[in-house]
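Since the structure comes first, as structure tokens, the remarks are kept for the end.
The values are calculated or read from the model by the stated rules, or taken from the named source; none is laboratory data. This is a predicted model, so every value here is computed, not measured. Here the Cβ is made from the backbone with ideal geometry for all residues, glycine too, and neighbour counts use every protein chain on show.
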């Protein structure tokens with residue numbers, strides 16, 4: 001019992017941040033993301049004995065979270081329209097240039113199609129390879145690589161055009 | 001690798017460790033610049049994607065799990081307690097049922113069962129010194145006394161007769177011991193004036209205050225015993 005508790009706490013400490021970030025990019029809402037993470041870890045605790053491979057812990061948790069999110073949509077299908085316009089809430093007051101830049105980029109990331117955004121988050125935050133992402137999302141690897149390419153490409157284009165606008169107004 | 005492929009690969013994964021990527025940069029300043037650009041961009045992306053995590057999220061997760069497993073345990077405990085209580089209740093009812101409820105339907109059945117249960121426990125040599133006074137002392141609990149000797153007594157004791165206080169007498173008979181029960185008036189057992197099985201026969205003598213049941217070997221003439229009882233028994237109430 002005590003060792004199960006220790007395993008759980010280790011899991012929480014090691015992975016809660018990445019899991020929260022993944023949830024946040026899935027739902028664009030801090031509170032919903034937090035609830036999802038809570039629910040995910042609770043399920044993980046109850047099923048902890050089935051987690052044999054510690055290395056697989058992160059993708060295991062993400063799978064639970066995705067399922068949990070799908071359930072949330074089943075529960076409140078009427079609310080789905082609320083998520084059509086993702087809004088990024090973040091503190092931008094008293095922020096450094098870096099924070100402003102992050103904020104700007106976050107809005108662009110939020111506007112990416114979910115199909116492009118999810119592999120990107122899994123790659124950058126989760127550190128998963130193309131193959132791993134493909135198996136988690138039930139896609140083939142080429143599709144995943146194409147989506148990753150398109151995600152970055154769209155963001156890069158957004159940055160470049162922003163620079164252009166800035167350059168014009170400055171010049 | 002052509003330039004387009006090079007760019008596609010790095011857009012898909014700026015950390016692509018492929019040797020062919022390195023090779024494509026060697027001697028190609030444009031490719032190298034693109035590589036640096038995309039990795040610069042990747043740093044920004046990384047920073048933007050790493051949104052801040054709510055304070056205390058980790059401790060809240062551990063707290064919630066602790067509460068949940070506590071709740072589950074106490075649910076389990078409550079469940080165990082409920083089962084234990086149900087079992088205890090059932091056992092209580094069962095014991096009550098088996099001790100208090102009549103298993104026998106008639107005084108005859110019970111007398112025979114009692115007779116066989118104690119068969120062989122009495123020895124002819126027992127009962128030395130049991131006088132009429134001893135008998136009457138014992139039988140006073142049943143509000144009964146005997147005016148005269150009824151025979152050679154082997155044993156006299158207070159007995160439970162299907163849950164009721166009764167007097168149990170064993171008297172030396174002609175062939176085997178004769179057993180006499182003096183019991184209160186019963187409602188839950190039916191009365192059979194005469195009864196028998198393959199070895200034993202018996203009769204029930206009904207008095208106003210109680211019944212006397214006499215059992216003995218089939219060869220035994222119970223009538224004479226009944227006569228003796230009728231002649232000597234006195235009910236004080």
Hey, could you check the stretch B:153-178 for residues that are surrounded by 14 or more Cβ atoms within 10 Å (Cβ to Cβ) and more than 41 Å from the chain's Cα centre (by Cα) and say which is farthest from residue B:234 (Cα to Cα)?
B:176
Does the stretch B:184-200 contain any residue that is under 19 Å from residue B:136 (Cβ atoms) and in a strand (DSSP E or B)?
yes
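Residues checked against (1) without any contact (Cβ under 8 Å) to a residue 60 or more places away in the chain; (2) closer than 22 Å to residue A:119 by Cβ; (3) at the interface with chain B (Cβ under 10 Å from one of its Cβ atoms); (4) more than 18 Å from the chain's Cα centre (by Cα):
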| site | (1), (2), (3), (4) |
| --- | --- |
| A:10 | yes, no, no, yes |
| A:26 | no, yes, no, no |
| A:30 | yes, no, yes, no |
| A:35 | yes, no, no, no |
| A:40 | yes, yes, yes, no |
| A:43 | yes, no, no, yes |
| A:56 | yes, yes, no, no |
| A:59 | no, yes, no, no |
| A:62 | no, yes, no, no |
Do you know which residues across the stretch A:46-59 are assigned to a helix (DSSP H, G or I) and modelled with pLDDT under 90?
A:46, A:48, A:49, A:50, A:54, A:55, A:56
Go through (1) within 23 Å of residue A:17 (Cβ to Cβ); (2) surrounded by fewer than 21 Cβ atoms within 10 Å (Cβ to Cβ); (3) more than 15 Å from the chain's Cα centre (by Cα) one by one and return the number of the condition residue A:127 breaks.
(3)
Hey, any hits in the stretch A:60-70 for a residue that's at pLDDT 90 or above, surrounded by fewer than 16 Cβ atoms within 10 Å (Cβ to Cβ) and within 18 Å of residue B:58 (Cβ to Cβ)?
no
